[in-house]
1. For region A:12-72, what number results from the quotient of the Cα radius of gyration and 2.2 N^0.38 Å?
2. For region A:44-58, take each phi angle, set θ = phi - 60°, evaluate the Karplus expression 6.51 cos²θ - 1.76 cosθ + 1.60, and give the result in whole Hz per residue in order, putting x for glycine and proline.
3. State to the nearest 20 debye the size of the charge dipole of region A:24-87 about its Cα centre, where the only charges are +1 on K and R beta carbons and -1 on D and E beta carbons.
4. Per residue of B:37-44, how many C-beta atoms from partner chains lie within 10 Å of its own C-beta, taken as a mean?
5. Tell me which of B:L114, B:A54, B:S87 sits at the most positive position along the dipole axis of chain B, charges placed on C-beta atoms (Lys, Arg +1; Asp, Glu -1).
6. List the GluC sites (Glu not before Pro) within region A:11-68 that fall in a DSSP loop (any state other than H, G, I, E or B) and whose Cβ has at most 13 other Cβ atoms within 10 Å.
7. Set the bar at 23 Å for Cα to Cα. Now go through A:K42/A:K102; A:K42/B:K94; A:K42/B:K57 and name every pair that lies beyond it.
8. Among the trypsin sites (Lys or Arg not before Pro) in region A:15-51, which ones are in a DSSP loop with at most 14 other Cβ atoms within 10 Å of the Cβ? Mind listing them?
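The numbers here are math on the coordinates, done by the rules we state, and not lab data. Computed from a prediction, not measured in an experiment: that's the story for all the values here. For neighbour counting, all protein chains shown are included, and Cβ atoms are generated from backbone atoms with ideal geometry for every residue, glycine included.
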Amino acid sequence: GENVEQHPSTLSVQEGDSAVIKCTYSDSASNYFPWYKQELGKRPQLIIDIRSNVGEKKDQRIAVTLNKTAKHFSLHITETQPEDSAVYFCAASPDDKIIFGKGTRLHILP
Amino acid sequence: GAGVSQSPSNKVTEKGKDVELRCDPISGHTALYWYRQRLGQGLEFLIYFQGNSAPDKSGLPSDRFSAERTGESVSTLTIQRTQQEDSAVYLCAKAAGGSTDTQYFGPGTRLTVL
C-alpha cells in the first residue's frame, strides 16, 4: 500500500522567512496530493492540493511542487506570518483513500 | 467545517467497555472517512464509505473496530472491548465524490480509555 514520509517533523523559522516541507510517496499510482493545516485543538483544513498532471501550483504565499519521477512533493510558504504556526500534513491518494504523512509542526518565531 | 458534526465531543470510558462514535455529514456527501489521531501524531486512515458501502476496511486496527453508515447520512464507528491504546481523537471527514475531492473534517471525538 501507499506510504507517505514527511520531513521535517518540526520546523522553526523566523517570521518573514520561507518554510519548506517535503514529502515522499511510494505508490506510483497516486495522482492527488493535498496539504492540510491543523491549528492547535482544531480540525484539519485543506490549504492547497496538486494533481499529477501539474508540476507546480501557487496560491498567494503558498506553493506546492510535484516531481512524479522522484515521487516527492513539497510545500513552500513564503513571507511566513505568526498565523502560519500549525501542524501541516501532506497526503497522497492512489485510489479511493488518502494516506497522510505524520505531520510537520511549524513554529514561526517573532 | 462545512457541515460535519461528531458526537460525543469527549468520551471517557473504562477499559473493556464498548463505545459508539457518531458522525453526521449533515448535507449528505457521498464519501465519508474515519481517521484516528493519537496525541501529537498524524492522521491514521481507518475506513471510508461510498454511500453506505465500505469498499476498503483495511485500516481498521483490529476486529474490535467496526463501522456502518446509513445511505449518505450518519455513520457510526464502534469500538468493542476498548483498550488504553484506543485513546485518541477520532475524526471523520466527508467529500463530495471521493478521495480527490476536498475533505471536510468534523471536530472529532476525544476518546480516553482508563
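1. 1.25
2. So the Karplus estimates, Gly and Pro as x, are x, 9, 5, 10, 6, 9, 9, 10, 5, 8, 10, x, 8, 8, 10 Hz.
3. 200
4. Across B:37-44, the average partner-chain Cβ count within 10 Å equals 5.
5. Checked the options; the winner is B:L114.
6. Taking region A:11-68 and a limit of 13 other Cβ atoms within 10 Å, the loop GluC sites (Glu not before Pro) found are A:E15, A:E39.
7. Table pairs above 23 Å Cα-Cα are A:K42/B:K57.
8. Sites meeting the loop and neighbour criteria: A:K42.
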